[in-house]
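**Student:** After the structure tokens below, expect a handful of questions from me.
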Number of protein chains: 2
Amino acid sequence: MPSADYEEQKAVARANRAFYRAFESQDLAGMSGLWDDDPGVQCIHPGGETLVGRERVLASWEAIFTHSEPLRFELVDVELRVEGELAWVSLVERIAGPEDEPAAEAACTNLFALRDGAWRMLLHHASPIQRRFFDA
Amino acid sequence: MPSADYEEQKAVARANRAFYRAFESQDLAGMSGLWDDDPGVQCIHPGGETLVGRERVLASWEAIFTHSEPLRFELVDVELRVEGELAWVSLVERIAGPEDEPAAEAACTNLFALRDGAWRMLLHHASPIQRRFFDA
């Protein structure tokens, strides 16, 4: 029988997938529902400054959804950890543009908190991968 | 009387300061001692890929300390949260070069885990701030 930990890991993985589904489909309501109500929620888009608070974070998603073509992601090197009521997911976003432009990659850290039985997003930190310390 | 939470917050703040002290003084032994033994520790330097595991993470610090001039940091917008045995710190690193070069800024997420009474680093994610969504 799967452990409670395993069930929570699956729940975090679902929340993480829901985040990328909302991102790809430019679903602002879905994105809004994923983020926690905590006033300290934070979002760092690639190359961007730290946006703090639901209002600024959601305004940034609205701006991205309004002004960008939809993106498609392949998520690789996904690592997921649950510690009590906090969880973090790290992964590499492989991003393909609308016209199959050459893929870009971003290193990503996502934090979730368990609130009334639901895993909600506390932080999304994505940064462009421009150079490598080591050969892959 | 300070709460236990407050004491833990102070302990996380100390661990975070120790990280920047080791960084500024290029103290590889100090840096090594700060990182957790967990095989999943991760480090993302500005513009870099995700480095996983103590060996790769510490090799990257050794390379930075060997090939770079010492950096000085001003830490601003520091937010700190403890949830059980996991803690995260977010901040902006204002980086001044050795000759008072114009400062660069990096958005930073640091994760710590409580292990045998000590807060040890699980993740350091720093990304260059190149553009702003909103006026500061």
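**Student:** Provide, for q = 0.26 Å⁻¹, the log10 of I(q)/I(0) from a solvent-free Debye sum over equal Cα point scatterers in segment B:32-124.
**Tutor:** With no solvent term, the Cα-only Debye profile gives -1.38.
**Student:** Which value in deg cm²/dmol, rounded to the nearest 500, describes the helix-derived mean residue ellipticity at 222 nm for the protein assembly as shown, given -39,500 (n - 2.57) per DSSP H run of n ≥ 4 and division by the residue count?
**Tutor:** Result for the protein assembly as shown, helices only: -10000 deg cm²/dmol.
**Student:** For the protein assembly as shown, what are Rg and Dmax over the alpha carbons, in angstrom?
**Tutor:** In order Rg, Dmax, the Cα atoms of the protein assembly as shown give 18.3, 61 Å.
**Student:** Separate question: Nm distances between the label at B:Arg56 and the same-position labels in the remaining copies, 7 Å along Cα→Cβ, shortest first?
**Tutor:** 3.2
**Student:** With all protein chains present, how much of the accessible area of the protein assembly as shown (probe radius 1.4 Å) comes from carbon and sulfur, to the nearest whole percent?
**Tutor:** Roughly 49 percent, rounded to a whole number.
**Student:** Now a separate question. Counting only protein heavy atoms and rolling a 1.4 Å probe, how much accessible area do A and B lose on contact, total for both sides, in Å² to 100?
**Tutor:** When A and B are taken together, about 3500 Å² of accessible area is lost.
**Student:** Now a separate question. Taking a label point 7 Å from Cα toward Cβ, how far is B:Asp27 from its twins in the other copies, in nm, shortest first?
**Tutor:** Here the equivalent label points are 4.9 nm apart from this one.
**Student:** May I pose another question? Between copies, how far does the label point of B:Glu99 sit from its twins, in nm, shortest first, when each point is 7 Å from Cα along Cα→Cβ?
**Tutor:** 4.3
**Student:** Calculated FRET efficiency, A:Ala96 and B:Ala96, Cβ-Cβ r, R0 41 Å, to nearest 0.05?
**Tutor:** After rounding to 0.05, the efficiency reads 0.60.
**Student:** Over chain A, with the other protein chains present, what is the accessible area per residue in square angstrom, probe 1.4 angstrom?
**Tutor:** For chain A, the per-residue accessible area is 49 Å².
**Student:** Suppose we compare each residue of segment B:74-97 in its chain alone and in the full protein complex with a 1.4 Å probe; which ones drop by at least 40 Å² of accessible area?
**Tutor:** Hits at the 40 Å² cut-off: B:Arg81, B:Glu83, B:Leu86, B:Trp88.
**Student:** Shifting gears a bit: Connecting C-alpha atoms closer than 10 Å in a GNM of chain B, tell me which of B:Glu79, B:Glu62, B:Glu105 has the biggest fluctuation.
**Tutor:** For chain B, modelled as a Gaussian network with Cα springs under 10 Å, the answer is B:Glu79.
**Student:** Go through B:Thr66, A:Thr109 and list them by solvent-accessible area, largest first, probe radius 1.4 Å.
**Tutor:** The ordering from most to least exposed comes out as B:Thr66, A:Thr109.
**Student:** Let me ask another. Quick one: Cα centre-to-centre distance for segment B:1-62 and segment A:1-48, in angstrom?
**Tutor:** 26
**Student:** Right, another one. Which ³J(HN,Hα) values in Hz, rounded to whole numbers, follow from the phi angles of segment A:76-82 under the Karplus curve 6.51 cos²θ - 1.76 cosθ + 1.60, where θ = phi - 60° and Gly and Pro get x?
**Tutor:** Using θ = phi - 60°, the values come out as 10, 6, 7, 10, 9, 9, 10 Hz.
The values are calculated or read from the model by the stated rules, or taken from the named source; none is laboratory data. A quick note: this is a predicted structure, and the numbers were derived from the prediction, not measured. Reconstructed Cβ throughout: ideal geometry from the backbone, glycine too, with neighbour counts over all protein chains shown. What goes into the accessible areas is simple: the full protein's heavy atoms, side chains included, and nothing from ligands, DNA or RNA. Shrake-Rupley method; radii C 1.70, N 1.55, O 1.52, S 1.80 Å.
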